[in-house]
Protein chains: 2
Amino acid sequence: MKPEVVAKFQPLFHPKSVAFIGASNKPDKWGSIILANLINGGFNGPIYPVNPGETDIQGLKSYPKIADVPNNPDLAVIVVPPPSVPQVIDECVNKGVRAGVVITAGFAEVGDAGQDLQLEMVNRARAGGMILVGPNCNGIMCPPANLHAAMPPIFPPPGKVAVVAQSGNVATSIARRVMKKGLGISCLVSTGNEADLHCEDFFQYLAEDPETKVILSYIEGFRDGKRFFEITREVTKKKPVIMLKAGSTGAGARAAKSHTAALSGSDSSFDGARRQAGIIRAKNIDDLNNIGLGFIRQPLPRGRQVSIVTAGGGWGVLAADACAEAGLEVLTLPEKTIAELDAFMPAWWSRGNPVDLVAGLRPDHLWKALECVLRCSEIHGVILLGIMAALPLRPLPTSTNPQEIEKAIQEILRGMRDAFQKLLGMAYRYQKPVIVASEFPNTAVDIESQMAGMLGTIGGVCYLRPEDTAMVMASLADYAEYLRFGALEDGADHNPPNKRPKKLSDSKKHI
Amino acid sequence: MKPEVVAKFQPLFHPKSVAFIGASNKPDKWGSIILANLINGGFNGPIYPVNPGETDIQGLKSYPKIADVPNNPDLAVIVVPPPSVPQVIDECVNKGVRAGVVITAGFAEVGDAGQDLQLEMVNRARAGGMILVGPNCNGIMCPPANLHAAMPPIFPPPGKVAVVAQSGNVATSIARRVMKKGLGISCLVSTGNEADLHCEDFFQYLAEDPETKVILSYIEGFRDGKRFFEITREVTKKKPVIMLKAGSTGAGARAAKSHTAALSGSDSSFDGARRQAGIIRAKNIDDLNNIGLGFIRQPLPRGRQVSIVTAGGGWGVLAADACAEAGLEVLTLPEKTIAELDAFMPAWWSRGNPVDLVAGLRPDHLWKALECVLRCSEIHGVILLGIMAALPLRPLPTSTNPQEIEKAIQEILRGMRDAFQKLLGMAYRYQKPVIVASEFPNTAVDIESQMAGMLGTIGGVCYLRPEDTAMVMASLADYAEYLRFGALEDGADHNPPNKRPKKLSDSKKHI
């Protein structure tokens, strides 16, 4: 625990009161929308809107200047035009404000004049002992503190996932995916131009934050690459950092430059450095989330040998391919395990891995098969494809009585939760991850979001396609190896830096 | 139009009546579940259950033997134990049945004895002029004929997408994804062991089927690779065939062998052959669907130069990267187009491609920017990221009046449909694809399925992540090039065969 890091970020993420500078009553203005979100998010300290032209904003008393605000707010949200920002920072410093979120765009990302203005702003803040998020960002959220000082009107519940992103809309995309899985957010930061605080500063705080279990990040480029990797390398020893790195192509790098003034750099240099720093790389927003959620409740595997237990042959084949591609071994089952399975499986079962339950509808077979493979000391993790057989009830899809349907759905949802509770118990007992993917063909199409919500209450995650299970299992194995050996191996990693031809130096190795 | 192909498949997909051999009243039996689906699917001809031990099955009069059925059914669904199947085929032939779906497993996939039994079955069917699906499959669906002779209790509406899969559970996964997008199915086949009819036979039929616009397929291996590619090469000249090929690794190939007795073969040989045959390859079930749905309403692009119009910077960067990786050029905008955009865009816009609307909330900017880039003759397709600005209303998420919320949701849904109708009109007018990805941060999380349903009514598709738009656009460009040049180029393709190191021969090219 580093108390100085925690203390530094306290006024930002757990402020006692918030000044909102540039607050507005006009519905389409950022100064109106973000203030509305702050209010609607249920922040439980005072909020002080500041605007020289108003006396009442969205039902709150408004103040002409920061100096007029009754107390010393810890945090200022700043949404005034770019030229006014340095002056506002001075006023904040004089008032004793210790943290600022500068939403305003029009700084380094628009050229040299903006760069100068940005430097001016950050110099004044640093001289006054004030930390800054942004500029050119869309805000921060700290759901455990009911703090929703951000543009998108989404209100994720408190949870174990932290989000640090150099793009407000990608941060939102990540948070929405977490919410769809019924899970919550510990902290979310849209870092913008990172004039003062960089991604790595937030990582450093989150490593100490007791609410955070895993850090998901979206990066376009680094302000100070050396510092980034030095700090992050220490963070990953405490908590997994999963990263989506954009700007890996010329077109993407150009887009990043004009977006947040970020220099993307060479993708292969990045990839080498992030392996040394133990950062797990994801290929897109969905993978980022899916990998991250795998770390919430699952134990880390002691090796890369897996068994797949599947209700359907095709999904088993796809998962086996994905495992092999991710550097996992779909283990040839030992004789002993086959004999144990033989005791109850139908005579025609394939005796292979995947263990195909042969479209079996019997829950006892599913549970027994799972126990068999978990018991096997050579198997380090288990993938389960298809959970329907474990549920207590399969309602007929033909009932037209809404009450009857609702009752059946609730029963299914409870069955789902109980089945996952049991699976998480097995994973804990054997200290082996059990990663599940399933669809729900016997239920209405739109039950899936309710399913996810129900699972979220126990921290359970059900993936929706077979390949995801292999990706998540491999990421858990990668991280476990990193903790043991101090770096992510090249070969062990499941995410190639990109799809372009290998470099000359790589090609030569084959000759 | 090949009338003989259509005539051959008529009794299978458009039967006048169906015999169900092995029908059951026991709820957990396949012979009960599939019959229930056939009944619940609304098949409008007579259904004749056959079971020597029953007189009434699920409310229908049941017959002891096929010979006892009053008419000559076109189609027989067969769910009896393996040893009885050849005898049942004889009885069907004698009764004049012209097509059979053999659900029963326990044939070639379980070894030599099963292989012999399978051969016996198919020889008798062929001698009697009867075509067969399966064995070891989970059925077929032809929603335009209200025919749901399949295991999963899902009932996709009629639509433009055909599904041919060597796995019943993958076929179900594909169909469910189509349904989630509010779209429908023209025909679905779980091909199983393919004792008689192979995938390519179904492709050949679907090429002539007026209901089918695009063919999605899942393949583990080929019974006769030469025949497969010869036939499919002709099919792809008429309709796009998108394929997910499994069994590309050792673990996957072993799993495929025990699943449907399929020999996966060398992945690189497959990849070369499929390029010659114009087959578009997808990497997973989601990509398969997303690519396929792109072909339903969009015109094909005349080249690979694209513009990205985005409401959010991060999504723009991710899409630019994905375009470059997929072999699309994110075009540097011509001066003329920049001047046209300058006329209305805010002064600080980046003047780059992606055209970043700078978090603009103004619908007129979005529509004007789209017209500008579509008008540009050097741009062959447009990617739009973020549709919210085009909607007429952003309801506050804080209303607690259910009626008010419902009214706002309905207004948003109609606005969404109108916006997509307009986008499809623009795509048609300029004959350039307009591919859209968006999230809906200003609305409740669970509105997305309703959105998809509403868009489905006009054949519109909204993707959920930026990378998907690049993949779909590249696939449309690939197919357009195939139609012009007769083969898919290696470099033009966006889906590398797999992630393993390149072959020696490839490496040498770089030296």
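Odds and ends about this structure:
- Restricted to the range A:1-96, the set of helices (runs of 4 or more DSSP H) holding at least 2 residues that are under 22 Å from residue A:131 (Cα atoms) and free of Cβ contacts under 8 Å to residues at least 40 places away in the same chain comprises A:3-13, A:85-95.
- The requirement of being surrounded by 23 or more Cβ atoms within 10 Å (Cβ to Cβ) and either free of Cβ contacts under 8 Å to residues at least 40 places away in the same chain or small (Gly, Ala, Ser) (or both) is not satisfied by residue B:352.
- Single residue of the range B:396-443 satisfying the filter (hydroxyl-bearing (Ser, Thr, Tyr), closer than 28 Å to residue A:58 by Cα and surrounded by fewer than 15 Cβ atoms within 10 Å (Cβ to Cβ)) that is modelled with the lowest pLDDT: B:398
- Filtering A:263, A:293, A:288, A:216 for residues that are within 14 Å of chain B (Cβ to nearest Cβ), at pLDDT 95 or above, touching a Lys or Arg at 6+ places or on another chain (Cβ under 9 Å) and farther than 30 Å from residue A:350 by Cβ leaves a single hit, A:288.
- Per-region count, the range B:160-183, residues touching a residue at least 60 places away in the same chain (Cβ under 8 Å), of a type outside the set (Val, Ile, Thr) and more than 9 Å from chain A (Cβ to nearest Cβ): 5
- Flag if residue A:93 is at pLDDT 95 or above and in contact with a helix residue (DSSP H, G or I) (Cβ under 9 Å, 6 or more places away or on another chain): yes
- All positions within the range B:126-146 that are under 15 Å from residue B:103 (Cα atoms) and outside any loop (DSSP other than H, G, I, E, B): B:131, B:132, B:133, B:139, B:140, B:141
- Picking from residues in the range B:333-342 that are within 16 Å of residue B:366 (Cα to Cα), touching a residue at least 24 places away in the same chain (Cβ under 8 Å) and not polar (S, T, N, Q), the one that is farthest from the other protein chains (Cβ to nearest Cβ) is B:340.
- Verdict on residue A:250 being surrounded by fewer than 22 Cβ atoms within 10 Å (Cβ to Cβ) and within 11 Å of another protein chain (Cβ to nearest Cβ): yes
- Considering the conditions (1) crowded, with 21+ Cβ neighbours inside 10 Å; (2) polar (S, T, N, Q); (3) farther than 25 Å from residue A:311 by Cβ, residue B:136 is excluded by exactly one of them, (3).
- Residue check, residue B:258 within 21 Å of the chain's Cα centre (by Cα) and modelled with pLDDT under 95: no
- Boolean, residue A:455 is at pLDDT 85 or above, in contact with a Phe, Trp or Tyr (Cβ under 6 Å, 6 or more places away or on another chain) and more than 25 Å from residue A:271 (Cβ to Cβ): yes
- The C-beta contact set for the range A:98-113 (first residue away from chain B (no Cβ under 14 Å) and without any contact (Cβ under 8 Å) to a residue 12 or more places away in the chain, second residue crowded, with 21+ Cβ neighbours inside 10 Å and among the small types (Gly, Ala, Ser), distance under 9 angstrom, 6+ apart or interchain) is empty.
- Top-ranked residue of the range B:296-332 - restricted to ones that are of a type outside the set (Lys, Arg), more than 12 Å from every other protein chain (Cβ to nearest Cβ) and under 21 Å from residue B:390 (Cα atoms), ranked as surrounded by the fewest Cβ atoms within 10 Å (Cβ to Cβ): B:298
The values are calculated or read from the model by the stated rules, or taken from the named source; none is laboratory data. Since the structure is predicted, the reported quantities are computational estimates derived from the model, not experimental observations. Reconstructed Cβ throughout: ideal geometry from the backbone, glycine too, with neighbour counts over all protein chains shown.
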